[in-house]
1. Given the conditions (1) open to solvent by 30 Å² or more (accessible area, probe 1.4 Å); (2) assigned to a loop (DSSP other than H, G, I, E, B), report the number of the one that residue 118 does not fulfil.
2. Do you know which residues across region 67-89 are under 11 Å from the mean Cα position of the chain (by Cα) and over 17 Å from residue 7 (Cα atoms)?
3. Pick out the one residue from 76, 126, 54 that is in contact (Cβ under 8 Å) with a residue 24 or more places away in the chain, farther than 22 Å from residue 137 by Cβ and of a type in the set (A, V, I, L, M, F, W, C).
4. If I ask for residues that are of a type in the set (S, T, N, Q) and under 29 Å from residue 15 (Cβ atoms), which ones from region 58-113 would you list?
5. Tell me which of these residue 33 doesn't satisfy, since it passes every other one: (1) closer than 22 Å to residue 112 by Cα; (2) without any contact (Cβ under 8 Å) to a residue 60 or more places away in the chain; (3) exposed (fewer than 15 other Cβ atoms within 10 Å of the Cβ); (4) of a type in the set (D, E, K, R).
6. Do the conditions hold for residue 53, that is, is it of a type in the set (S, T, N, Q) and either closer than 15 Å to residue 30 by Cα or over 15 Å from the mean Cα position of the chain (by Cα) (or both)?
7. Hey, among the residues in region 1-30 that are surrounded by fewer than 17 Cβ atoms within 10 Å (Cβ to Cβ) and among the β-branched types (Val, Ile, Thr), which one's nearest to residue 72 (Cα to Cα)?
Amino acid sequence: EPGTPRGFERILLARDWLIQSGAHIAAPCPHEKQCPLAGTERWCHFSERLSRSALHKNIKGASLGYEDEKYSYLIATKSSQDSSDARLVGHPRKHSGHLTVDVCLPEGDVKQRTISRRDGPLYKAAQKASWGDTLPLN
């Protein structure tokens, strides 16, 4: 679905129906609880940078050779997906010696976390992470 509030609403309706029908959510949600972004000003969406062809640039009257496409998605399975990883619901914000990330947690919450250099391997993983990736937060 498009990465808009209305696209996210449609994803939430499908998610609720799938869970009630016995499906298990594999992504992007790390849980099957009530979506913590439902009914808020925020919505779950992701972004992918796509190259534009010369024709595409010409048709859109664009000057850039790329376009950031926002989307919402849902993956459901028949088998249970136990995951202790959190999903980044925004770009990591880099600071001197630490990162700040917004993550959807397996407990069913969206929280802001600070990851410092002292966190070693987690810090290195978070430095390489992008919006939509998972992180092993315990």
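The values are calculated or read from the model by the stated rules, or taken from the named source; none is laboratory data. If you're wondering where the values come from, they're calculated on a predicted model, not measured in any experiment. Cβ atoms come from the backbone with ideal geometry, glycine included; neighbour counts cover every protein chain shown. What goes into the accessible areas is simple: the full protein's heavy atoms, side chains included, and nothing from ligands, DNA or RNA. Shrake-Rupley method; radii C 1.70, N 1.55, O 1.52, S 1.80 Å.
1. (2)
2. Within region 67-89, 86, 87, 88 meet the criteria.
3. Selected residue: 76, the only one of 76, 126, 54 that is in contact (Cβ under 8 Å) with a residue 24 or more places away in the chain, farther than 22 Å from residue 137 by Cβ and of a type in the set (A, V, I, L, M, F, W, C).
4. Correct list: 72, 77, 79, 80, 81, 83, 84, 100, 112.
5. Failing condition for residue 33: (2).
6. Details: of a type in the set (S, T, N, Q): yes; either closer than 15 Å to residue 30 by Cα or over 15 Å from the mean Cα position of the chain (by Cα) (or both): yes.
Against the criterion (of a type in the set (S, T, N, Q) and either closer than 15 Å to residue 30 by Cα or over 15 Å from the mean Cα position of the chain (by Cα) (or both)), residue 53 qualifies.
7. For region 1-30, the residue satisfying everything is 4.
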